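What follows is a short report on a single structure.
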């Protein structure tokens with residue numbers, strides 16, 4: 001597999017030897033195949049893995065996880081000033097950034113406003129559930145919902161990509177373990193969730209975790225606790241909040257989870273959703289066949305998915 005890396009650093013200001021801001025994506029088209037690569041500051045152009053190798057002579061690895069987590073980013077950074085972004089982003093299909101994470105850990109009720117709307121007191125420790133990797137979906141693919149689901153809901157979330165294996169990390173060191181961030185749409189079948197009285201089954205259906213559109217490296221996110229979050233359904237704003245309203249901060253989430261499990265490079269932690277979900281409305285507006293859900297998060301981009309009921 002090739003890789004496409006999207007750089008948000010302005011090329012004239014690149015400093016060789018220093019880690020630069022990047023967006024890193026998996027992409028596919030008939031010409032490039034299934035690959036990864038680097039994107040220009042304007043977000044419109046990219047250089048693929050194979051093009052990067054041809055232009056620099058550097059044999060970056062076939063596996064995107066090896067590329068991301070085995071030190072190759074520094075090699076790319078040194079060569080960014082001479083790179084030509086030879087493709088348009090619109091020419092490719094953006095794929096799930098991490099195809100096979102060991103774990104997808106999700107938090108419940110981690111925003112004060114969402115917990116309030118649900119009539120709950122937020123916990124001071126992460127309340128978690130696990131999504132299977134088979135739920136992962138591309139950032140612009142359809143979400144396929146089984147016909148027996150009657151209460152389909154949306155949840156916009158900031159997802160953290162762990163950059164190295166870590167166990168029992170202190171909060172003040174926790175963000176050093178982060179590689180980057182992306183958007184996660186934690187699609188939820190509320191009728192199953194309410195029946196089960198727990199989260200996993202209603203959130204684990206295939207395609208119920210669209211994410212991306214790429215991984216934004218942590219250097220590009222000055223403060224992950226101050227990012228605007230917005231969800232639109234058919235153009236109507238449903239969620240409009242900020243990560244400043246998280247109950248448990250990202251550094252404390254990572255520290256707390258690392259006390260009970262080893263976090264591994266490539267693990268995804270989805271940090272919860274703010275207020276505005278359908279189930280909390282006086283007259284719930286659950287998702288219907290054909291609805292378009294668009295989630296945008298400051299500095300991380302936008303994903304858009306159509307709802308298709310089987």
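The values are calculated or read from the model by the stated rules, or taken from the named source; none is laboratory data. Because the structure is a prediction, the values reported are computed rather than measured. Heads up, the Cβs are rebuilt from the backbone with ideal geometry, glycines too, and the neighbour counts pull from every protein chain shown.
The single condition among (1) at pLDDT below 95; (2) buried (at least 17 other Cβ atoms within 10 Å of the Cβ) that residue 307 does not satisfy is (1).
When you scan the stretch 260-269, do you find a residue that is touching a residue at least 40 places away in the same chain (Cβ under 8 Å), assigned by TED's automatic domain parsing to the domain that holds residue 222 and under 14 Å from residue 157 (Cα atoms), even just one? Yes, the stretch 260-269 has at least one match. Checked against the criteria, residue 229 counts as under 25 Å from residue 96 (Cβ atoms) and surrounded by 15 or more Cβ atoms within 10 Å (Cβ to Cβ).
Output the strands (runs of 3 or more DSSP E) that fall wholly within the stretch 89-202 and possess 2 or more residues being modelled with pLDDT of 95 or more and farther than 28 Å from residue 223 by Cα, or say none. Break it down stepwise before answering.
Details: elements: 104-107, 128-131, 143-145, 156-162, 178-185.
Once the strands (runs of 3 or more DSSP E) in the stretch 89-202 are filtered for at least 2 residues that are modelled with pLDDT of 95 or more and farther than 28 Å from residue 223 by Cα, what remains is 143-145.
Restricting attention to the stretch 58-79, which residues are touching a residue at least 60 places away in the same chain (Cβ under 8 Å) and surrounded by 19 or more Cβ atoms within 10 Å (Cβ to Cβ)?
Pass one, the stretch 58-79, residues touching a residue at least 60 places away in the same chain (Cβ under 8 Å): 62-65, 67-69, 73, 76-78.
Result: 64, 67, 68, 69, 73, 76, 77.
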